[in-house]
Amino acid sequence: MPAACLEGLPLLEPSPSGWVDVALSDLDALLVDHAYCELKAASTAVSLVVRFADRPALVTDMTALAREEMKHFDRVHALVRRRGRTLGRIHGDRYVKKLRERSTSSLLDALILGAFIEARSCERFRLLARAPLPEELAGFYRELASAEARHHELFLDHAAAEVGSAASGSRRREMAEIEARIVRELPLEPRIH
């Protein structure tokens, strides 16, 4: 089942087999982390608008993405609150930090990086949608998996538009190897990444 969750994604390896069990062992921590992931995704989209305001298509798409990610944040935050929890302090994302350490500040790398973050989220949401969760939560993760699949494709489309399919594909393949290594090396935690 985990390998099937990679369908249509640029990921080379599935999440480690124990990730779902660890994630479900502390659903409150997972939901808080998920809320912050949505907030950071919106922030990243806004950052791309600010940094590359001279690209109208990118500005339009990233503005729409930021709005959608904030709606996702609102929904996850509501789940956190219904469970009697608060967000607490934000914690760094080691996965994203390690990806950024291996990338440049170019638009191409920002787009490729965004694609991988969205793709890994998609894979993990697919895993959660199949996990023994209440149907409300499983359905929510099915819905979000579809959104993340669209988002990773959006980033890859912009990368190809920026430098061409061959160059963006080459960088995507390099980052896929890096991303797979990072996922293998990180400890299993109740976090989306």
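Read-outs: derived from the displayed coordinates by stated rules, not from any lab. Computed from a predicted structure; not experimentally measured. In this analysis, Cβ positions are derived from the backbone assuming ideal geometry, glycine residues included, and neighbour counts consider all displayed protein chains.
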- Message: Give me the net charge for the shell around Met175: Cβ to Cβ below 10 angstrom, other residues only, Lys and Arg +1, Asp and Glu -1.
- Response: 0
- Determine, for Phe125, Phe140, Phe155, the number of other Cβ atoms within 10 Å of each Cβ, and report the residues in order from fewest to most. Phe140, Phe125, Phe155
- Task: For the chain, give the magnitude of the charge dipole about the Cα centre (Cβ charges: +1 Lys/Arg, -1 Asp/Glu; no others), in debye to the nearest 20.
- Result: 400
- Message: P(r) for the chain, please, calculated from all Cα pair distances in 5 Å bins and given in %.
- Response: 1, 8, 17, 22, 21, 16, 10, 4, 1, 0
- Between beta-carbons, use under 14 Å as the cut-off and find the net charge around Arg82, counting Lys and Arg +1, Asp and Glu -1. +1
- Item | Order of Glu143, Glu38, Glu185 - criterion: other Cβ atoms within 10 Å of each residue's Cβ, fewest first | Glu185, Glu143, Glu38
- If you put +1 on each Lys and Arg Cβ and -1 on each Asp and Glu Cβ, how big is the dipole of segment 86-193 around its Cα centre, in Debye rounded to 20? 360
- Task: Apply the Karplus parameterisation 6.51 cos²θ - 1.76 cosθ + 1.60, with θ equal to phi minus 60°, to every residue of segment 93-104 and state each ³J(HN,Hα) to the nearest whole Hz, in sequence, with x for glycine and proline.
- Result: 10, 4, 4, 5, 4, 5, 4, 5, 4, 9, 10, 9
- Relative to the longest principal Cα axis of the chain, at what angle does helix 27-51 sit, 0 to 90 degrees, rounded to 10? 20
- Folded to 0 to 90 degrees: helix 165-185 orientation relative to the chain principal axis, Cα: 30
- Which lysines does Lys71 reach when only Cα atoms under 17 Å apart count, and residues fewer than 8 places away in its own chain are ignored? Lys40
- Message: Can you return the aspartates and glutamates within cross-link range of Lys97? Criterion is Cα-Cα under 12 Å, with same-chain partners fewer than 8 residues away left out.
- Response: Glu179
